[in-house]
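In what follows, a structure is listed as structure tokens, so that the remarks can point back to it.
The values are calculated or read from the model by the stated rules, or taken from the named source; none is laboratory data. Remember, it's a predicted structure, so these values are computed and weren't measured experimentally. All Cβ positions, even for glycine, are placed from backbone atoms using ideal geometry, and neighbour counts span all protein chains on display.
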Amino acid sequence: MNLKKSSEDNLIKVIVYIVVLVYCCVFSSALKAAENNEDKNNENHCCEQHRQHTDHNHAHSDSHQHQNQHQHGHHHKAFHDGKLFEIGSCENGHCEIKLNEDGMVELWLVGGGNNTGASIRTSAEEIKFKCKLKNGLKNDEFDLILKAAPIELAEESIGDCSHFTGHHEKLAGKNIRFFANGKIYFKGKNIKVEIDY
């Protein structure tokens, strides 16, 4: 009789254990799905470079539309909640740009492909862009200069830095959108970068 009761107790324990295990697996899957949805909401359409049809010497008309001429069918995560833009090619690397409402611009140099969480350092002490507001006047270009802002925790220094900051009053406000182009010294080369923020 004791043997039968002991077997029943063990069977009940096994069943409870299996139910708890299944519950944990289902709960874990639900958490992963929620994390994936959050990651998808934070993804940026890097590698969707908007090309301008004119150069700086050509006057833009107010009705000029900048069309998206180049798209890749993939997205990468911007780890600083900014927007990603290719430096040369997607595989080569990206710059992540974040604009604050006070006109402060932050730029991080990060890896290529899916490696956008890796910082890539440069010897450049500043990065210069020619900018134009999307709703600005046709000859309303301005310069934006971003200076090296070393990340102390990463033991960066000026001349060995992946983070740059700058400010311009024309970029202050809510929902500011702008075009910019310039060159970034990246992985030993000056590479042209076009920004459609």
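Within the option set Gly82, Gly93, being crowded, with 16+ Cβ neighbours inside 10 Å, farther than 17 Å from Gly182 by Cα, in the same structural domain as Lys170 (by TED's automatic domain parsing) and in contact with a Lys or Arg (Cβ under 8 Å, 6 or more places away or on another chain) holds for one residue only, Gly82. Looking only at residues of region 101-130 that are of a type in the set (Ser, Thr, Tyr) and farther than 19 Å from Lys83 by Cβ, we find that the one that is farthest from the chain's Cα centre (by Cα) is Ser123.
Counting the residues of region 97-127 that are over 15 Å from Tyr185 (Cβ atoms) and without any contact (Cβ under 8 Å) to a residue 40 or more places away in the chain gives 8. Checking each residue in region 142-181 for being on the phi > 0 side of the Ramachandran plot and within 18 Å of the chain's Cα centre (by Cα) picks out only Asn175.
Among the residues of region 121-155, those identified as part of a loop (DSSP other than H, G, I, E, B), acidic (Asp, Glu) and over 15 Å from Leu107 (Cβ atoms) are Asp140, Glu155. Scanning region 173-191 for residues that are surrounded by 15 or more Cβ atoms within 10 Å (Cβ to Cβ) and either charged (D, E, K, R) or under 15 Å from Glu106 (Cβ atoms) (or both) yields Ile176, Phe178, Ala180, Lys183, Ile184, Lys187.
Checking region 156-172 against the condition returns a match, with at least one residue being among the small types (Gly, Ala, Ser), under 12 Å from Met104 (Cα atoms) and either surrounded by 17 or more Cβ atoms within 10 Å (Cβ to Cβ) or not assigned by TED's automatic domain parsing to the domain that holds Cys95 (or both). The one condition from (1) more than 16 Å from the chain's Cα centre (by Cα); (2) within 24 Å of Lys77 (Cβ to Cβ); (3) surrounded by 15 or more Cβ atoms within 10 Å (Cβ to Cβ) that Leu133 does not meet is (2).
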